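Quick notes on the structure that follows.
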Amino acid sequence: MAAPLTLLLIVAVTIRAVLFRSNLAELISERVEVVSPLNAWKRVVEGLALLDLGVSPYSGDVFHETPFMIYLFHFLVDYAELVFMIADGITAVALYQSIQTYNKNVFRKQKYALESDRYPADCLELLRSPKEMFYIPLKVAMFYLLNPFTILSCVAKSTCGLNNAIIALFILCTLKGSALLSGILLALATYQSIYPLTLFAPALLFFLQRLYIPVNLRRSSFWFFTLQYAFIYVGSLVVITGLSFFLLGSWDFIPSVYGFILSVPDLTPNIGLFWYFFAEMFEHFRLFFICVFQINVFFYTIPLSIKLKEHPVFLIFMQIAIISIFKSYPTVGDVALYMAFLPAWSHLYRFLRNIFLVSCVLLACAALFPVLWHLWIYAGSANSNFYYAITLLFNFGQILLVSDYFYAYLRREHHLTHGLYLKKKDGTEATLVLK
């Protein structure tokens, strides 16, 4: 598989290099769907200019990236295009190897279950074959590298691509079984944007499953490993934050980065749910609704972790999708990361109920974003309601997509336990309902 992956990387780099040299690069870098106040390249350049003048990049209200990011580009600003292409390549290779490792684990567990005769006789057609799984890692890499959302994000030089690379490496280290590297990379991802904190639960569940430690609050082994992994994660986060302080000589970055993410003061339009709602919000209600909106990202972690405690890799996919939908400043680069996982769940297609509708909705929204923006900002024949309406529809489509995959995954697992053709007590065919 090395040759197809190499060819895919060459094609992806060529596409990006051509677009970097085209007149479209500047236009793409201005698109509100592609960049946000957090990750826009123009803001990074402004921060670098302030740093070169000996002024804190956080002294104004322009730069909101982390100190590590600005010091990275302080040395590599002349090679920025190369950095973003390499980041996309690293993400694709990490996802490729992650899914390859995951498929090996799935096949091994499936083989053991078959040998111990755990599956009902009528559900053998639901089992995955090595031939079926062979090309899935390559498809995942292809879904990421050739996704228009990823390409646009890279050409716009959105730092979202670098965050995706960190999360992809975290997933790889987790699936490879390295708790130390997993904790460090998760801390780095959290340091970048807070929201990856929710990935702590699926990573912990994966390691507990790998080490055959039951999720039991009365077991000392459970608490020992949980505290051990939490110590690696929290300790790494403290060290990274401390290094940021020594780089800058102040704590200015904390309100400028994390305060900015949580309080949402910049209401520049984007593909998220926050900007329009808080533009219309009365100031004395603002704090309450900020808390309500922000809790959305973190609230689903506990119930999903309980429901999917035996399936931590699918839980990682669910959490990444929830982050990309409910974060305060989302871009299409965030959407591209979780969509790259869709080929890994190709065995669920027979149980999906709304995939055609959702595909049409997402494609239509992607096409209408620039149209309605032009009508609002340039032609003056529309207003912000039009643009927010298509934003709501886009997020509705994403929620429907994720919930459909969640239903399909649970339904397949139920069939693997109870059989494919379910019957009621009276002998008639039963229907599964997700509640």
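The values are calculated or read from the model by the stated rules, or taken from the named source; none is laboratory data. What you are looking at is a predicted structure, and each value in this text was computed from that prediction instead of being measured. Cβ coordinates were reconstructed from backbone atoms using ideal geometry, including for glycine residues, and neighbour counts include every protein chain displayed. Remember, those area values only see protein heavy atoms, side chains included, never the ligands or the DNA or RNA. Shrake-Rupley method; radii C 1.70, N 1.55, O 1.52, S 1.80 Å.
Give segment 264-291 a look and list any residue that's among the small types (Gly, Ala, Ser) and surrounded by fewer than 15 Cβ atoms within 10 Å (Cβ to Cβ), or say none. Spell out the reasoning first.
Going through segment 264-291, the residues among the small types (Gly, Ala, Ser) turn out to be 272, 279.
Across segment 264-291, the qualifying residue is only Ala279.
Please indicate, with yes or no, whether at least one residue in segment 121-131 is open to solvent by less than 10 Å² (accessible area, probe 1.4 Å), within 30 Å of Phe260 (Cβ to Cβ) and more than 15 Å from the chain's Cα centre (by Cα).
No, that holds for no residue.
Kindly provide the set of residues from segment 236-251 that are assigned to a loop (DSSP other than H, G, I, E, B) and either touching an Asp or Glu at 6+ places or on another chain (Cβ under 6 Å) or open to solvent by 70 Å² or more (accessible area, probe 1.4 Å) (or both), ordered by number.
At the first step, the residues of segment 236-251 found to be assigned to a loop (DSSP other than H, G, I, E, B) are 249-251.
Trp251, the sole residue that qualifies.
Among the residues of segment 33-65 satisfying the criterion of being of a type in the set (Ser, Thr, Tyr) and farther than 30 Å from Pro370 by Cα, which is modelled with the highest pLDDT?
From segment 33-65, those of a type in the set (Ser, Thr, Tyr) are 36, 56, 58-59; that's our starting set.
Retained after the next criterion (residues that are farther than 30 Å from Pro370 by Cα): 56, 58-59.
Working: Ser56: 87, Tyr58: 90, Ser59: 86.
Top of the filtered list is Tyr58.
Might you let me know whether segment 295-306 holds any residue that is in contact with a Leu (Cβ under 7 Å, 6 or more places away or on another chain) and farther than 30 Å from Gln110 by Cβ? It would help to see each step written out before you state the result.
Our first condition is that a residue be in contact with a Leu (Cβ under 7 Å, 6 or more places away or on another chain); within segment 295-306, this holds for 304-305.
After this cut, where a residue has to be farther than 30 Å from Gln110 by Cβ as well, the list is none.
Checking segment 295-306: not a single residue is in contact with a Leu (Cβ under 7 Å, 6 or more places away or on another chain) and farther than 30 Å from Gln110 by Cβ.
So, in segment 203-233, of the ones that are in contact with a helix residue (DSSP H, G or I) (Cβ under 9 Å, 6 or more places away or on another chain), not β-branched (Val, Ile, Thr) and not in a helix (DSSP H, G or I), which residue ends up nearest to Leu172 (Cα to Cα)?
Leu211
Could you please let me know if Ser236 is in contact (Cβ under 8 Å) with a residue 60 or more places away in the chain, of a type outside the set (A, V, I, L, M) and farther than 17 Å from Leu95 by Cβ? Talk me through it step by step, then tell me what you get.
Numbers: in contact (Cβ under 8 Å) with a residue 60 or more places away in the chain: no; of a type outside the set (A, V, I, L, M): yes; farther than 17 Å from Leu95 by Cβ: yes.
The answer is no for Ser236.
Which one of Ile213, Ile232 is under 21 Å from Ile167 (Cβ atoms), among the β-branched types (Val, Ile, Thr) and either modelled with pLDDT under 95 or touching a Leu at 6+ places or on another chain (Cβ under 7 Å) (or both)?
Working: Ile213 fails: under 21 Å from Ile167 (Cβ atoms).
Going through Ile213, Ile232 in turn, just one is under 21 Å from Ile167 (Cβ atoms), among the β-branched types (Val, Ile, Thr) and either modelled with pLDDT under 95 or touching a Leu at 6+ places or on another chain (Cβ under 7 Å) (or both): Ile232.
Please give the number of the condition Ile355 fails out of (1) touching a Cys at 6+ places or on another chain (Cβ under 8 Å); (2) within 21 Å of Leu410 (Cβ to Cβ); (3) of a type in the set (Val, Ile, Thr).
So Ile355 meets the others, but not (1).
Conditions: (1) in contact (Cβ under 8 Å) with a residue 12 or more places away in the chain; (2) open to solvent by 30 Å² or more (accessible area, probe 1.4 Å); (3) within 22 Å of Phe298 (Cα to Cα). Leu217 meets all but one. Number of the miss?
(1)
Report whether or not Ala92 is out of contact with any Lys or Arg (no Cβ under 8 Å at 6 or more places or on another chain) and either basic (Lys, Arg) or surrounded by fewer than 21 Cβ atoms within 10 Å (Cβ to Cβ) (or both). Even if it seems obvious, please write down each step before you answer.
On the way: out of contact with any Lys or Arg (no Cβ under 8 Å at 6 or more places or on another chain): yes; either basic (Lys, Arg) or surrounded by fewer than 21 Cβ atoms within 10 Å (Cβ to Cβ) (or both): no.
When the stated conditions are applied, Ala92 does not pass them.
Hand me the list of helices (runs of 4 or more DSSP H) wholly inside segment 1-52 holding 2 or more residues that are buried (at least 18 other Cβ atoms within 10 Å of the Cβ).
On the way: elements: 2-20, 24-29, 41-52.
In segment 1-52, the matching helices (runs of 4 or more DSSP H) lie at 2-20, 41-52.
Hey, can you tell me all the residues within segment 306-341 that are open to solvent by 10 Å² or more (accessible area, probe 1.4 Å) and not in a helix (DSSP H, G or I)?
Selection gives Lys309, Glu310, His311, Lys327.
So that you can scan it fast, the table gives a plain yes or no per residue for (1) of a type outside the set (Phe, Trp, Tyr); (2) under 17 Å from Ile171 (Cα atoms):
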| position | (1), (2) |
| --- | --- |
| Glu280 | yes, no |
| Phe288 | no, no |
| Phe299 | no, no |
| Phe314 | no, yes |
| Trp373 | no, no |
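When only residues in segment 351-365 that are without any contact (Cβ under 8 Å) to a residue 40 or more places away in the chain and of a type outside the set (Phe, Trp, Tyr) count, which is nearest to Thr431 (Cα to Cα)? Steps first, please.
In the first step, residues of segment 351-365 are kept if they are without any contact (Cβ under 8 Å) to a residue 40 or more places away in the chain; the result is 356, 359-365.
Those still in the list that are of a type outside the set (Phe, Trp, Tyr) too: 359-365.
Details: Ser359: 25, Cys360: 27, Val361: 27, Leu362: 29, Leu363: 31, Ala364: 32, Cys365: 33 Å.
The qualifying residue nearest to Thr431 (Cα to Cα) is Ser359.
Before we move on, is Tyr300 under 21 Å from the mean Cα position of the chain (by Cα) and among the hydroxyl-bearing types (Ser, Thr, Tyr)? Let's see the steps before the verdict.
Working: under 21 Å from the mean Cα position of the chain (by Cα): yes; among the hydroxyl-bearing types (Ser, Thr, Tyr): yes.
Spelling it out, Tyr300 is indeed under 21 Å from the mean Cα position of the chain (by Cα) and among the hydroxyl-bearing types (Ser, Thr, Tyr).
Those residues that are in a helix (DSSP H, G or I) and farther than 20 Å from Ile323 by Cα, I need them from segment 155-183; list them, please. First the steps, then the outcome.
In the first step, residues of segment 155-183 are kept if they are in a helix (DSSP H, G or I); the result is 155, 160-176, 179-183.
Of everything in segment 155-183, those that are in a helix (DSSP H, G or I) and farther than 20 Å from Ile323 by Cα turn out to be Val155, Cys173, Leu175, Lys176, Ala179, Leu180, Leu181.
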